[in-house]
Amino acid sequence: MAEGFLYGIGFIIALCLALAVTPLVIKLAYAIGAIDKPNHRKVHTRIMPRMGGLGIYAAFVGGYFAIKPFLPEGLLRSYDTNLINGLLVGGTIIVLIGALDDRFELSAKVKLLGQIIAACVVVIGFDIKIDLLNIPFGEAMQPVASWISIPLTILWIVGVTNAINLIDGLDGLAAGVSAIAIGTIAVMAAIMGFAPVILLSTILLGGVIGFLAYNFHPAKIFMGDTGSLFLGFSLATLSMIGFKQVTIVSFVTPLLIIGVPLSDTFFAIVRRWVNKRPIFAPDKGHLHHCLRELGFSHRRTVLIIYGIAAFFGACAIFQSTIVQSSAANWVTFVVILVMVFVLQIGAELIGIVDKTRRPLLNFLQRILMRAEEQRSK
């Protein structure tokens with residue numbers, strides 16, 4: 001059976017499982033009290049069931065084991081098997097932590113501890129870690145010592161896991177952004193010929209799209225921490241291919257894949273630091289909140305952020321396919337500078353850090369005013 005056909009079957013199975021299981025999860029959430037009540041910080045105005053991530057998780061696990069017996073012999077190497085097992089075991093731990101939080105609202109410290117345990121399972125238990133880095137302007141992949149690679153990989157997994165959780169503020173937002181990132185990973189894995197990641201990505205993508213049928217505005221269920229933590233954990237694990245597998249992939253590529261949640265997390269930290277608030281204190285200053293304040297509807301806000309996520313994904317694919325040449329690193333450098341410039345301008349325009357502080361825009365305005373004065377003389 002052709003590999004591409006298997007990937008398609010896995011996608012369809014996961015899609016159908018998500019469509020079938022999610023209504024059952026809705027009933028379960030109401031039955032056990034895993035509900036989300038409206039408050040001053042939230043957008044929804046009625047009680048909503050959460051824990052919808054169970055539907056995504058069930059679709060992913062079910063889809064994988066449904067096609068596993070049909071995988072060609074020799075398709076998976078020992079490293080590939082470790083990657084899959086690490087994602088399954090660590091993902092199960094993450095889902096349990098998320099489900100408990102959706103029902104009992106665990107403290108931030110308990111959730112963080114659970115995420116670290118899940119990350120350690122992947123890194124130490126299954127030996128999945130960042131071993132090589134392609135440093136910009138370096139001549140080759142550089143090995144990373146274990147004492148650096150282990151904490152670096154754990155930090156990466158925990159950071160990305162929480163980044164997805166932070167953007168889960170509107171119907172379909174976290175699921176859609178995650179789907180775009182997963183699709184980006186699948187395309188990159190196909191370009192690289194990395195079969196295990198293509199397999200996992202297509203199955204996971206099917207589960208997310210099936211769940212979106214119930215989660216897009218107006219949502220019938222929220223994914224809750226069960227879903228956002230699982231998707232973040234899965235993206236963190238799968239995106240590490242950008243650190244290790246192909247020499248033409250630079251260090252920045254995995255960052256581009258999940259550019260929206262990471263940039264929103266970065267600006268949230270800066271915003272809370274500038275305003276002298278606790279780093280982990282929730283607020284209404286995230287990207288989706290700012291766009292809503294500018295007058296965009298719920299759906300249009302989500303679609304705008306989808307577009308931003310797709311732009312990041314396209315940049316990641318472009319970055320990963322740049323031919324190896326003396327100019328390749330310079331292209332990377334220019335792309336990074338342009339994206340940082342655009343992100344800063346966008347952040348100041350929508351006020352994601354501070355509504356009144358616009359240093360770069362003010363600087364550009366002064367330059368334009370001086371240029372205008374010079375022309376008028």
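Tabulated results
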| read-out | value |
| --- | --- |
| In Å², nearest 10: area of residue 120 left accessible to a 1.4 Å probe | 40 |
| Linear extension gain, residue 364 paired with residue 349, 0.36 nm per residue minus alpha-carbon span | 4.1 nm |
| Percent accessible area from carbon and sulfur atoms, the range 24-106, protein chains only, probe 1.4 Å | 61 |
| For the range 16-124, convex hull of alpha carbons as volume per residue, Å³ | 121 |
| Where 37, 109 fall by accessible area, highest first, once all protein chains stay in place (1.4 Å) | 109, 37 |
| Span from the the range 5-26 Cα centroid across to the the range 58-98 one, whole angstrom | 15 |
| Additional length obtainable on full extension of the chain from residue 334 to residue 104, 0.36 nm per residue less Cα span | 78.1 nm |
| Paramagnetic reach from residue 270 (point 7 Å along Cα→Cβ, amide N under 15 Å) across the range 356-372 | 356-364 |
| Gain upon complete extension [residue 116, residue 357; 0.36 nm per residue less C-alpha separation] | 83.2 nm |
| Protein-only accessible surface order, largest first, of 272, 370, 292 at 1.4 Å | 370, 292, 272 |
| Vicinal HN-Hα couplings computed from phi for the range 202-211 (Karplus, 6.51 cos²θ - 1.76 cosθ + 1.60; Hz; Gly/Pro x) | 5, 5, 5, 4, x, x, 5, 5, x, 5 |
| Distance (nanometres) between label positions extended 7 Å along Cα→Cβ at residue 70 and residue 127 | 3.2 |
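The values are calculated or read from the model by the stated rules, or taken from the named source; none is laboratory data. Being a predicted model, the structure only gives us computed values, none of them experimental. Backbone-built Cβ (ideal geometry, glycine too); neighbour counts: all protein chains shown. Surface accessibility is based on the protein's heavy atoms, side chains included, excluding ligands, DNA and RNA. Shrake-Rupley method; radii C 1.70, N 1.55, O 1.52, S 1.80 Å.
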